[in-house]
Amino acid sequence: MSANRPFGLLGRTLGHSYTPLIYRELAGLDYVRFEREPDEVEAFLAGGAWEGVNVTIPYKRTVMAYLDELSDVAERLGNVNTIVRLPDGRLRGDNTDYFGFRFLLDSTGAEVRGKTALVLGGSGGAGSTVMRVLADAGADPVSVGRTGAVTYRDLPRYADAALLVNCTPVGMYPSCPAAPCTLDGLDGLEAVIDIVYNPARTALMMEAERRGIPCAGGLAMLVAQAAQAVERYTGQAVDAGRIASVTAALSATEQNIALIGMPGSGKTRVGAALARLLGREHVDADHVLAAQLGESCASFIEREGEDAFRIRETACLAELSRRSGIVLSCGGGVVTREGNYPLLHQNSLIVMLDRPLGELSSKGRPLSARDGVEKLAAERMGRYRAWADIVVASRESARATASAVAAQLPAMIAAPHPSEP
């Protein structure tokens, strides 16, 4: 293994990826993105600019023509997601997604032997891997697609299915929340797995939550497959405990911290103080929305009315809540639209700032001035508490309140937010 050549990810359009951070956390490896067009793949693989690479869509099958040998798993699956440079210079293709999904499946505790498992997108690269894992685990996997033997229209025929796995990109950042189907009629489901890992909770997972069905996202699969790739690259095994701890830490640090509460409860100032404390970016939703409106939120409400404002607020929130690792200060009225909750919940820990009503000012807040703080509190307080994962009483200053918030955050979220190279 050359100490001078990096490891990396080969794909066409990679954008934001957690993988550099994962490899750094797992093994301290230098890991970069290699974006290449289809006509550049052969020359890239023949070159010496890399030590080992993971391969993502659309090249998992393309690369096979340029490799010298395949692992048994890669040969069985017909696609490659890891390429190792052997000591003699030859290239060996492997598939660590098999191990990754098996780790994810096992971590859910779902018992699938002898049961029907629906695999959305089961004919694709990731889907075919999941189909193979499930078959090897003794399940009866059924591939579901837009076309083919079983389509989404046929789902009502599988009311007894015990597991549903989404292997499509539907619901993945930035097109979230979205789901490839509903869980209506699938009354036998014992678990739902979505291999999408960003956002933390896809629309499919949030529906499973509402129905009381255990669910899991794809982050553990991503980390587990990377752990096996590390073993292929370096010969050093990564144990299950390390995979679990890196998964938990990454999930915590990539999720946002969203502050909600009454108008005047200090969300902006506390958010800024909390962001400084945690080393995160602070985003104030009302400030972003005002820039989009070209005027203050208060003047827009006075001119266009509250209903028009709430529509624009939700559109702005939909953009902001897709982001990762920020402290997001929300407007006081964010809870007035039920549809705003899944926007926040998909990738945020929600914190309510609870400030005594007598300390809330109506200055510059037309709805508080019009309706009175007590009336707004009566309408909203129940939702603030219902939406919140954590409730924190305000302290004597924004800095003190931010410290109180940080003290109640799970340890991994309260750690300084890591930045990617």
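Points worth noting:
One line per residue, one yes/no per condition, for (1) of a type outside the set (A, V, I, L, M); (2) farther than 26 Å from Tyr158 by Cβ:
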{"residue": "Glu42", "(1), (2)": "yes, yes"}
{"residue": "Asn54", "(1), (2)": "yes, yes"}
{"residue": "Met64", "(1), (2)": "no, yes"}
{"residue": "Asp97", "(1), (2)": "yes, no"}
{"residue": "Thr108", "(1), (2)": "yes, no"}
{"residue": "Gly121", "(1), (2)": "yes, no"}
{"residue": "Gly125", "(1), (2)": "yes, no"}
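- Pairs where the first residue, in region 178-189, is modelled with pLDDT of 95 or more and the second is charged (D, E, K, R), C-beta under 7 Å, 6+ apart: Ala179/Glu207; Thr182/Glu207; Leu183/Glu207; Leu183/Arg211; Gly188/Asp160
- In region 226-250, residue nearest to Val32 (Cα to Cα) [restricted to those that are in contact with a helix residue (DSSP H, G or I) (Cβ under 6 Å, 6 or more places away or on another chain) and not small (Gly, Ala, Ser)]: Val230
- Yes/no for Thr253 being hydroxyl-bearing (Ser, Thr, Tyr) and touching a helix residue (DSSP H, G or I) at 6+ places or on another chain (Cβ under 6 Å): no
- Members of region 104-122 that are surrounded by 19 or more Cβ atoms within 10 Å (Cβ to Cβ) and of a type in the set (Gly, Ala, Ser): Ala110, Ala117, Gly121, Gly122
- Here the condition is being among the acidic types (Asp, Glu), without any contact (Cβ under 8 Å) to a residue 12 or more places away in the chain and surrounded by fewer than 20 Cβ atoms within 10 Å (Cβ to Cβ); of Glu359, Glu302, Glu295, it holds for Glu295 alone.
- Test: residue in region 84-93 that is of a type in the set (Asp, Glu) and modelled with pLDDT of 95 or more: no
- Evaluation of Arg36 against (1) touching a helix residue (DSSP H, G or I) at 6+ places or on another chain (Cβ under 6 Å); (2) charged (D, E, K, R); (3) touching a residue at least 40 places away in the same chain (Cβ under 8 Å) (one fails), failing number: (3)
- Residues being of a type in the set (A, V, I, L, M, F, W, C) and assigned to a loop (DSSP other than H, G, I, E, B) - total across region 36-88: 6
- Hey, Pro418 modelled with pLDDT under 65, surrounded by fewer than 16 Cβ atoms within 10 Å (Cβ to Cβ) and out of contact with any His (no Cβ under 8 Å at 6 or more places or on another chain) or not: yes
- For Val142, the test of being part of a strand (DSSP E or B), under 16 Å from Ala216 (Cα atoms) and not aromatic (Phe, Trp, Tyr) is failed.
- Qualifying positions in region 151-189 - in a loop (DSSP other than H, G, I, E, B), out of contact with any helix residue (DSSP H, G or I) (no Cβ under 6 Å at 6 or more places or on another chain) and buried (at least 17 other Cβ atoms within 10 Å of the Cβ): Ala161, Ala162, Thr168, Val170, Met172, Tyr173, Cys176, Pro180, Leu186, Leu189
- Failed condition for Gly114, given (1) in contact with a helix residue (DSSP H, G or I) (Cβ under 7 Å, 6 or more places away or on another chain); (2) in the same structural domain as Pro141 (by TED's automatic domain parsing): (1)
- Picking from residues in region 104-124 that are among the small types (Gly, Ala, Ser) and farther than 14 Å from Ile193 by Cα, the one that is modelled with the lowest pLDDT is Gly124.
- Of the criteria (1) crowded, with 19+ Cβ neighbours inside 10 Å; (2) at pLDDT 95 or above; (3) in contact with a Leu (Cβ under 6 Å, 6 or more places away or on another chain), which one Met262 fails: (2)
- Flag for Tyr197 being outside any helix (DSSP H, G or I), in contact with a Gly (Cβ under 8 Å, 6 or more places away or on another chain) and modelled with pLDDT under 95: yes
- Subset of region 200-221 (residues that are at negative phi, without any contact (Cβ under 8 Å) to a residue 60 or more places away in the chain and part of a loop (DSSP other than H, G, I, E, B)): Ile213, Gly217
- All of (1) surrounded by fewer than 14 Cβ atoms within 10 Å (Cβ to Cβ); (2) not in a loop (DSSP other than H, G, I, E, B) hold for Thr129 with one exception: (1).
- When region 59-103 is limited to residues that are among the acidic types (Asp, Glu) and surrounded by fewer than 19 Cβ atoms within 10 Å (Cβ to Cβ), the one that is farthest from Asp194 (Cα to Cα) turns out to be Asp88.
- Across region 58-72, a minimum of one residue is classified as more than 20 Å from Glu40 (Cβ to Cβ) and of a type outside the set (D, E, K, R).
- The residue list Arg370, Arg380, Arg385 contains one member that is modelled with pLDDT of 75 or more, surrounded by 13 or more Cβ atoms within 10 Å (Cβ to Cβ), assigned to a helix (DSSP H, G or I) and more than 26 Å from the chain's Cα centre (by Cα), which is Arg380.
The values are calculated or read from the model by the stated rules, or taken from the named source; none is laboratory data. Just so it is clear, the model here is predicted, and its values are computed rather than measured. Backbone-built Cβ (ideal geometry, glycine too); neighbour counts: all protein chains shown.
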